[in-house]
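The values are calculated or read from the model by the stated rules, or taken from the named source; none is laboratory data. Note that this is a predicted model, so its numbers are computed, not measured. Positions of Cβ are backbone-derived with ideal geometry, glycine not excepted, and every protein chain shown enters the neighbour counts. Areas reflect the complete protein model, heavy atoms only, side chains present, ligands, DNA and RNA absent. Shrake-Rupley method; radii C 1.70, N 1.55, O 1.52, S 1.80 Å.
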Amino acid sequence: MFAGFTCQDVATPAGGRVRVRTGGSGPPVLLLHGYPQTSAMWHLVAPELARDHTVIAADLPGYGDSVAPGGDVAAFGKRAMARELVSVMGRLGFRRFAVAGHDRGGRCAYRLALDHPDAVTALAVLDILPTADVLARVDAEFARSAWHWFFLAQPGDLPERLIAADPDAFFLRGADGIFAEAALRAYRAAYRRPSVVHAMCQDYRAGATVDRADDEADRGRREITCPTLVLWGAAGPLGRTDDVLAVWRPWAPRVTGTALDCGHYLAEERPAETAGALRKFLSATRQDP
């Protein structure tokens, strides 16, 4: 995977370390993965984007081969992650950049755009709604299908202890045939480490608390000012939403987007379509870093 890309670890001011893969040339774009994955999820999309961009695919703090800084749940909030990633991009020499994120990485990506508007030139989010909107819209169907949101967010170490009994059964349920074998090996290598499982739980604990609070504090007061692309899977969880772009528009007035014919894992289920949509969007919003 990632032929022609280099791999390095970048230290962060808070004491963490972020693993990044870098390849290509041109305006920079930061790629952020989802749960329970690593930056390996971009292995089919990143080479296409690298044809005309410098691509930086990062493991989120605490995920994959990144090491999260010590701290409480707030250290795993998307505001804290965004600060870490802005620092990483600065240390790599990129003051301004586009960002695309899937799932949990998408939540970090839109927080980056809200908190660091001078750094983010364009934003793409894959298969998410803003965290506060997700939690405000919870119904019985969501609770049944996305019960891990509430399980992983439980305080203490009960989720970590239960997952340790059979991590494959927990993380791979419903994912048969979606992931390439090389990517699957990377995911397994990561989530079989207790520190990574703990980071994932802390991520969801932060989502239910500090991330939700940050969103509600910003609702109606701050907007994402850069061009924004939203992609989602027609057969995924957002396929049940009446008007995805209408939910995003109060946050991102310059939003555009569309559904792809797939489930939740766009970059792995429909890599050509995902890469094509991202390349078209990034080309139209291209700015010098």
All positions within segment 188-222 that are over 19 Å from Ser39 (Cβ atoms) and in a loop (DSSP other than H, G, I, E, B): Arg219, Gly220, Arg221, Arg222
Subset of segment 223-279 [of a type in the set (D, E, K, R), touching a residue at least 12 places away in the same chain (Cβ under 8 Å) and over 17 Å from Gly34 (Cα atoms)]: Glu223, Arg240, Arg254, Asp261, Glu273, Arg279
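Counting only residues that are within 18 Å of Arg205 (Cβ to Cβ) and either assigned to a loop (DSSP other than H, G, I, E, B) or open to solvent by less than 80 Å² (accessible area, probe 1.4 Å) (or both), how many does segment 154-184 have? Reasoning before the result, please.
To start, the set of residues in segment 154-184 that are within 18 Å of Arg205 (Cβ to Cβ) comprises 154-164, 170-171.
With either assigned to a loop (DSSP other than H, G, I, E, B) or open to solvent by less than 80 Å² (accessible area, probe 1.4 Å) (or both) added as a condition, the list becomes 154-157, 159-160, 163-164, 170-171.
Residues meeting the conditions: 10.
Looking at this structure, is Ala113 closer than 30 Å to Glu216 by Cβ, among the aliphatic types (A, V, I, L, M), open to solvent by 10 Å² or more (accessible area, probe 1.4 Å) and under 16 Å from the mean Cα position of the chain (by Cα)?
Working: closer than 30 Å to Glu216 by Cβ: yes; among the aliphatic types (A, V, I, L, M): yes; open to solvent by 10 Å² or more (accessible area, probe 1.4 Å): no; under 16 Å from the mean Cα position of the chain (by Cα): yes.
So Ala113 fails the test.
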The lone exception for Gly26 - which of (1) at negative phi; (2) touching a residue at least 24 places away in the same chain (Cβ under 8 Å) it fails: (1)
Residues (within 17 Å of Phe170 (Cβ to Cβ) and open to solvent by 40 Å² or more (accessible area, probe 1.4 Å)) located in segment 132-153: Arg144, Ser145, Trp147, Phe150, Phe151
Residue that is farthest from Asp118 (Cα to Cα) [pool: residues in segment 82-103 that are open to solvent by 20 Å² or more (accessible area, probe 1.4 Å), free of Cβ contacts under 8 Å to residues at least 60 places away in the same chain and assigned to a helix (DSSP H, G or I)]: Gly90
Which numbered condition Asp72 fails, given (1) open to solvent by 10 Å² or more (accessible area, probe 1.4 Å); (2) touching a residue at least 12 places away in the same chain (Cβ under 8 Å); (3) not aliphatic (A, V, I, L, M): (2)
Neighbours by Cβ (under 6 Å, 6+ apart or cross-chain): first from segment 110-128, farther than 14 Å from Leu31 by Cβ; second charged (D, E, K, R) and crowded, with 24+ Cβ neighbours inside 10 Å: Arg111/Lys78
Selection status of Leu282, part of a strand (DSSP E or B), in contact (Cβ under 8 Å) with a residue 12 or more places away in the chain, closer than 22 Å to Val29 by Cα and open to solvent by less than 70 Å² (accessible area, probe 1.4 Å): no
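Working only within segment 25-37, note down all residues that are open to solvent by less than 50 Å² (accessible area, probe 1.4 Å) and more than 26 Å from His148 (Cα to Cα). Walk me through it before giving the result.
Let us first name the residues in segment 25-37 that are open to solvent by less than 50 Å² (accessible area, probe 1.4 Å), namely 26-37.
Across segment 25-37, the qualifying residues are Gly26, Pro27, Pro28, Val29, Leu30.
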Residue in segment 6-15 that is touching a residue at least 24 places away in the same chain (Cβ under 8 Å) and either buried (at least 24 other Cβ atoms within 10 Å of the Cβ) or in a helix (DSSP H, G or I) (or both) present: no
